[in-house]
Amino acid sequence: MDLSSVALAPKVLLHDHLDGGLRPATVLELAHEVGYSELPADDADGLARWFRESADSGSLVRYLETFTHTVAVMQTAPALARVARECALDLANDGVVYAEIRFAPEQHLTTGLSLDEVVEAVLRGFDEGAAEAADAGRRIEVRCLVTAMRHAARSREIAELAVRFRDRGVVGFDIAGAEAGYPPSRHLDAFEYMRANNAPFTIHAGEAFGLPSIHEAISFCGTDRLGHGVRVIDDITLPAGTDLAAHQFAGAELGVIANYVRDKRIPLELCPSSNVQTGAVSSIAEHPFNVLARLRFRVTVNTDNRLMSDTSMSKEFITLHNQFGYGWADFERFTVNAMKSAFVHFDERLALIDDVIKPGYAVLIG
Ligand SMILES: O=c1[nH]cnc2c1ncn2[C@@H]1O[C@H](CO)[C@@H](O)[C@H]1O
Ligand SMILES: [Zn+2]
């Protein structure tokens, strides 16, 4: 299994930040256009390296500081549309067939755009990119999640934005940003608004902060998915000396929260490389991905921030293959898990599973 063969496999991406996936060269060009002079490097390679190294901090708060630069160059409609178009193209070239891309509209208002104008520009970019990719023989469906920043106080407004655009490409709502000190229950009114409108949402939880955050997200807020959710492992007891790359974990004991997440089939948007960079886990070898997958949690594979982690869906698959020995049948399962967990309607999920994902893996499995 190598990068070029994995790139051919149909992949589904549920957790990817628009402002964490810019091409380094685009950051430079946009900075030049808008006169932003704070970039930490002046060539694409240097900038790519800076993002990866700075994000490799072991702290979510420092990881998030790197977004200052990407957000700074995404403040006009053309810049937002360009970044969105390139995002759709890059994902399609990597074999992603369905993606939900998130970003926080409230962070893109410094030159006077309205929340609606910001979302319209991004959706236009996705449409352009997806149309170009289709012309080149690479079909991709791109949808949008709007994120509210958990330290701020605009979550209800952003939830309303999500519902306002629900028939135009926005399929859900999310909260992100520093987790410690900003529990999901601070934004209960936003989640209640989403539920009252029968509109789905996901919550970044169980990344920098552990089980209490996951508990709030599922029990008080009623989240449909968990952004990361990786610390659910803290509610699972493994016998001493357990090999984390094993094929079965018969001795595992699940606590109340872990059982609830698994019983309810709550999807985990796991992001292996990002989780190591932010210190949510100490290394890929220590990543609970395999334990959770083998215990049949609904695990999905995600990139989080392709620029900060210098990654792609194919690279994340290869990383998991190298560490845990997964093959095509495993990747098909994770991909079907992700498609089942998507926020588009059931018939659209089913069509992608039956017409695109299963036939794609059938060819690879042979
Ligand atoms: O892994 C993460 N955990 C929490 N917040 C994040 C993560 N990655 C990105 N963002 C935050 O989400 C905003 C909107 O896209 C980004 O600007 C960043 O601050
Ligand atoms: Zn994220």
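The values are calculated or read from the model by the stated rules, or taken from the named source; none is laboratory data. As the structure is a prediction and not an experimental result, all values here were calculated from the model. Cβ placement follows ideal geometry from the backbone for every residue including glycine, while neighbour counts extend to all protein chains displayed. SASA here: full protein model, heavy atoms, side chains in, ligands and nucleic acids out. Shrake-Rupley method; radii C 1.70, N 1.55, O 1.52, S 1.80 Å.
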Sorted by chain and number, the residues with a modelled amide H under 5 Å from that of residue 204, at a separation of 5 or more or across chains, are 175, 227
Note, residue 6: beta-carbon cut-off 13 Å, +1 each Lys/Arg, -1 each Asp/Glu, net -3
Per the charge dipole of segment 133-274 (beta-carbon charges, Lys/Arg positive, Asp/Glu negative, Cα centre), the residue among 242, 165, 197 reaching farthest to the positive end is 165
Rounded to whole Å², per residue accessible area for segment 52-114 with a 1.4 Å probe reads 33
With +1 on the Cβ of every Lys and Arg and -1 on the Cβ of every Asp and Glu, the dipole magnitude of the chain about its Cα centre, in debye rounded to the nearest 20, is 920
From the Cα centre of segment 320-360 to that of segment 23-86, the distance in Å is 31
Once the in-chain neighbours fewer than 8 apart are removed, the lysines whose Cα is under 24 Å from residue 315 read 11, 340, 358
Under the Karplus relation with 6.51, -1.76 and 1.60 and θ = phi - 60°, whole-Hz ³J(HN,Hα) for segment 285-292, x at Gly and Pro, equal 4, 8, 5, x, 3, 5, 4, 5
Answer in debye to the nearest 20: the dipole magnitude of segment 40-152 about its Cα centre, from +1 Lys/Arg and -1 Asp/Glu charges placed on Cβ, is 280
The chain, Gaussian network, Cα under 10 Å: of 188, 91, 14, the residue fluctuating most is 188
Pseudo-spin-label distance residue 139 to residue 53, built 7 Å along Cα→Cβ, given in nm, is 4.4
Projected onto the charge dipole of the chain (unit charges on the beta-carbon of Lys, Arg, Asp and Glu, signs +1, +1, -1, -1), the Cα from 305, 322, 344 with the largest positive-side position is that of 344
For segment 3-365, averaging the sequence separation of alpha carbon pairs under 8 Å that lie six or more residues apart and dividing by its residue count, the contact order in percent is 19
For residue 119, the net charge from surrounding residues (Cβ-Cβ under 13 Å; K, R +1; D, E -1) works out to -2
Expected max-MSF residue from 217, 92, 196 in the GNM of the chain (alpha carbon, under 10 Å) is 196
Taking a crude spin-label model, label points 7 Å out from Cα along the C-beta direction, the residue 167 to residue 131 distance in nm is 2.1
Heads up, segment 57-97 by the C-alpha gyration tensor (a ≥ b ≥ c square roots of eigenvalues; a/c under 1.5 rounded, else a/b over b/c prolate, else oblate) looks oblate
Regression test value, accessible area per residue of segment 226-366, probe 1.4 Å, units Å², expected 39
Under a Gaussian network model of the chain whose springs join Cα atoms within less than 10 Å, the largest fluctuation of 67, 201, 191 belongs to 67
Dipole check, the chain, charges on Cβ (K,R +1; D,E -1), about Cα centroid: among 110, 274, 35 the Cα furthest to the positive pole belongs to 274
Taking protein heavy atoms only, a 1.4 Å probe, and rounding to whole percent, the accessible area of segment 228-296 owed to carbon and sulfur comes out at 48
Summing +1 per Lys or Arg and -1 per Asp or Glu among the other residues with Cβ less than 14 Å from residue 134's Cβ gives -2
A chain fully extended from residue 196 to residue 247 at 0.36 nm per residue, minus the present Cα-Cα distance, gains in nm 14.2 nm
Excluding ligands, DNA and RNA, the carbon-plus-sulfur percentage of the accessible area of segment 132-200 with a 1.4 Å probe reads 44
With every protein chain kept in place and a 1.4 Å probe, the residues 254, 3 fall, from largest accessible area down, as 3, 254
Taking a ≥ b ≥ c as the square roots of the Cα gyration tensor eigenvalues, with a/c under 1.5 meaning rounded and otherwise prolate when a/b beats b/c or oblate if not, segment 3-365 comes out rounded
